[in-house]
Every structure is written in structure tokens, then in C-alpha cells.
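First comes the structure, then the notes that go with it.
Just so it is clear, none of the values below were taken in a lab; they were calculated from the coordinates. On a predicted model such as this, the values are computed, not experimentally measured, just so you know. When we count neighbours, we look across all protein chains shown, and the Cβ atoms used for this are built from the backbone with ideal geometry, even at glycine.
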Amino acid sequence: MKDIVNQLNEAFKNSSTLEVLEYLLKLRDKNISLSSSFGAEDQVLTDMMLRIDERANIFTLDTGRLPDETYAVMNETNLRYQIKIKVFFPKAKDIEDLYQKQGANGFYESIENRKSCCFARKIAPLKRALKNVDFWVTGLRSAQSVTREDMKLFEFDETNNVIKVSPLKDWSEEDVWAYIKSYRVPYNKLHKLGYPSIGCAPCTRPVREGGDIRSGRWWWENPEHKECGLHLRSA
Ligand code: SF4
């Protein structure tokens, strides 16, 4: 699989985001799916993919701890594009066990607790969501954090046995917002209240102007630990 990924990276090294998405969405025998958390980047990709193919697959993970503003943009997106984004929830038993072990907000107490919560609410549902997916499209950008600096357009995710594609890898934050403005794409209103990166409500806070984009996520942890596990690097 690594050979295929290397070939894809070589073949598309000079291609635009649109060219990459058009190529993928024409692979009729493959399942191409965007995972959206309704952040600005995911909204750009939602718009681009649905312009190419109105049947493009988009799914989201509802952790049960999302801010109201995220549900609002979820509804707005469904209405705007006349779609029903597929929602994956955690298993009830996993959340019941989590509460028994660490209570409602145990994630503040240790990295281990935080990772257990992210596992139950995000990683396990993601595994189900990606079960039959061949290409997992993500809105990751290399400028977003130290953990993403050397990311590739195509990477193989061994955990989920899927090729991960990040067509916005080289986009700047300004590029993202210019697209949103040009195409009047719905966006999460928290972005305008100082939240450049939005996850679960208790684990996200606003960032001072000019501050690191991801510094509002799990702010009590070191930057090197600031991934929920959805995007751990395996290739
Ligand atoms: S971001 Fe916070 S609330 Fe959401 S799954 Fe991770 S630890 Fe739990």
C-alpha cells in the first residue's frame, strides 16, 4: 500500500485541490468519504466535493459533547446542499463505562483519561465510519500544528486500513476564508468568536489573536500531545 501512496503523491505533486478531488470522485468503484467536523476547512471540502458530485459521501462523528454552534452549522449545511450528512455516534456502553471510570469531565485530570474519552467518543466511531472507505478525505492543513508540519497529500492510515487524503494540505488560513467568502459557504459561528479550531465544547476555548491555531484545543496539555488520535501518523 505504501508504494501506491508514494505513486499517488508523485502523480499529484503539482495538482490543484480541485484536480485531486475530481480524480478521486471519478473512481466509481471506490468509496471516497469526507469526515467533517464542520470546521472551516471541512466546509470548504464539503462545498468543493458536492459541486463535483452531489452524491459525494460526507460523514461526521457526534461525540455527544459538541457545542450548539456545531449542530447549527450541521443543520445549515444539510439544508443548503439538500443532503443528509451521515452521523456516527459512540456506543452507549462505551460512554456508560467511561462515566463509571472517570466521571463526566475526567479528561481534565490526565492525558490517559483524555485519550480514553477521545477513544470512546471519536476513535471507535471513526473506525466504524471508515470500515468500507478506500479514500478518507480530511481537511487537515500542515500549518495547523507542529504535529502536522510534515504531512503528505496521501498517507496510509494503518489503524483504519485506509488511504488518507488531505487536499488542503498547503492551504493557508486566508485561502480557506477566501473560499468560504467567495462561495458563501456556511461556517461555524464560533470561528468569528476566536475559535480557529473547534472540537468538543469542554475541550475547546478561544485563542488570542495571532495565537497558535490549535492552542485552544486541550490547552492544558503540551503541543506534542494535541491530537485526539483521529490523525495519528502511520505512514
Ligand atoms: S475532545 Fe474532550 S470531550 Fe471530546 S472526546 Fe476528546 S476528551 Fe472527550
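What's the long-distance tail for the range 13-69, i.e. % of Cα pairs beyond 17 Å? Value for the range 13-69: 43 percent of Cα pairs lie more than 17 Å apart.
Here the gap between Phe89 and Tyr23, fully extended at 0.36 nm per residue and compared with their Cα-Cα distance, gives a gain of 20.7 nm. Restricting to bridges with both residues inside the chain, how much of the DSSP beta-bridge set is antiparallel, in percent to the nearest 5? Expressed as a percentage, antiparallel bridges in the chain total about 30. Taking the centroid of alpha carbons for each part, the range 48-75 and the range 130-176 are 17 Å apart. Each Lys and Arg Cβ is given +1 and each Asp and Glu Cβ -1; about its Cα centre, the range 112-235 then shows a dipole of about 620 debye.
Kirkwood hydrodynamic radius, the range 32-107, all distinct C-alpha pairs: what's the number in Å?
13.8
Projecting the Cα atoms of Thr60, Pro206, Phe156 onto the charge dipole of the chain (Cβ charges, centred on the Cα centre) puts Thr60 farthest toward the positive pole.
For the range 128-212, the Kirkwood estimate of the hydrodynamic radius, built from every pair of different alpha carbons, is 14.8 Å.
Along its three principal directions, the equivalent ellipsoid of the range 38-161 from the Cα gyration tensor extends over semi-axes of 26, 19, 15 Å, largest first. Remark: relative contact order (the range 1-62) = 32 percent; criterion is Cα-Cα distance under 8 angstrom and separation of 6 or more residues.
Quick one: Cα convex hull volume of the chain, Å³ per residue?
For the chain, the hull spanned by Cα atoms encloses 122 Å³ per residue.
Using only the alpha-carbon atoms, how far is helix 173-182 inclined from the longest principal axis of the chain? Give it as 0 to 90 degrees, nearest 10. Helix 173-182 sits at roughly 70 degrees to that axis. In this structure the amide hydrogen of Val162, modeled in the peptide plane, comes within under 5 Å of the amide hydrogens of Asp157, none closer than 5 places in sequence on its chain.
Just to confirm the number: angle between the C-alpha axis of helix 92-102 and the first principal axis of the chain, 0 to 90 degrees, nearest 10? That helix lies at roughly 50 degrees to the long axis. Between the Cα long axis of helix 2-11 and the first principal axis of the chain there is an angle of about 60°, rounded to the nearest 10.
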